[in-house]
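The values are calculated or read from the model by the stated rules, or taken from the named source; none is laboratory data. No experiment lies behind these values; they were computed from the predicted model shown. Glycine gets a Cβ as well: all are built from the backbone with ideal geometry, and neighbour counts include every protein chain shown.
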Amino acid sequence: MGTPNSVNFHLDISNVLSTNVDADARIIYLRGEINEELFDWFLPAFTILDRGNKPITIKITSGGGDTYIGFAIYDLIRNAKNKVIAEVYGRCYSIAALILVAADVRMITELSGVLIHDTIAILHEEQTVKHSQMVLQASELKRLCHEYYNKIALRTGQKLDFIKELGSEDKILSSSEALQYGFVHKIIKGKKQ
């Protein structure tokens, strides 16, 4: 029998999974900020679903978030044994766009959008940073941006220079542009007019 803390953890994880995962339908709802808190439930949920032998669907609505967490989710999807289907509802911005293109089958609703952009560093006023630290951080940002654009170019079939240009514009792609540029394979049309 578990300790009281393990019981609380089980209840907490069950609550998170019940609102973010439909295990029977094999759907993960990836919504909100991409961060460590999201990854804490996404990793076990995705791993458990990938033990089965049917496709996994990820329904995305996110403004982006942590680059490293996004890369981790990208790697999980690309290394999955099952087919992964991604569907965009609303927005799929920043690192969420990388997660989208990781999927084997990618779809978007008519009124949704996709945005890619250069990697961003958030600095706080009260933070003191040495020159050597700034140089290292700048080098890491450059590396992350390079990986981000390379993976997107690879998965969309676009030239790297074109993807970099899109990212520098901070332009939100419509669903038809996302389809045209290879971010998605299909636009999900409403069943009702």
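Values as computed for the structure displayed
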read-out: Scope segment 21-50; condition assigned to a strand (DSSP E or B) and farther than 28 Å from Asp118 by Cα; matching residues; value: Val21, Asp22, Ile27
read-out: Filter result (free of Cβ contacts under 8 Å to residues at least 40 places away in the same chain, part of a helix (DSSP H, G or I) and either surrounded by 12 or more Cβ atoms within 10 Å (Cβ to Cβ) or on the phi > 0 side of the Ramachandran plot (or both)) within segment 150-164; value: Asn150, Ala153, Leu154, Leu160, Phe162, Lys164
read-out: Matching residues in segment 51-98 - criterion: being in a strand (DSSP E or B) and of a type in the set (Gly, Ala, Ser); value: Ser62, Gly65, Ala86, Gly90
read-out: Hits in segment 166-186 (condition: in a strand (DSSP E or B), surrounded by 15 or more Cβ atoms within 10 Å (Cβ to Cβ) and not β-branched (Val, Ile, Thr)); value: Leu173
read-out: Residue satisfying condition, being modelled with pLDDT of 95 or more and either among the hydrophobic types (A, V, I, L, M, F, W, C) or over 18 Å from Tyr29 (Cα atoms) (or both), within set Ala80, Ala138; value: Ala80
read-out: Residue selected from segment 40-86 under the condition closer than 16 Å to Leu98 by Cβ and of a type in the set (Asp, Glu), by the criterion surrounded by the fewest Cβ atoms within 10 Å (Cβ to Cβ); value: Asp75
read-out: First in segment 10-39 and aromatic (Phe, Trp, Tyr), second anywhere and at pLDDT 70 or above, Cβ under 6 Å, 6 or more apart; value: Tyr29/Asn20; Tyr29/Lys59; Phe39/Ile69
read-out: Selected residue (criterion: farthest from Phe71 (Cα to Cα)) from residues of segment 148-193 that are out of contact with any helix residue (DSSP H, G or I) (no Cβ under 7 Å at 6 or more places or on another chain) and hydroxyl-bearing (Ser, Thr, Tyr); value: Ser176
read-out: Residue satisfying all of: in segment 13-39; exposed (fewer than 12 other Cβ atoms within 10 Å of the Cβ) and farther than 22 Å from Ala80 by Cβ; modelled with the highest pLDDT among these; value: Thr19
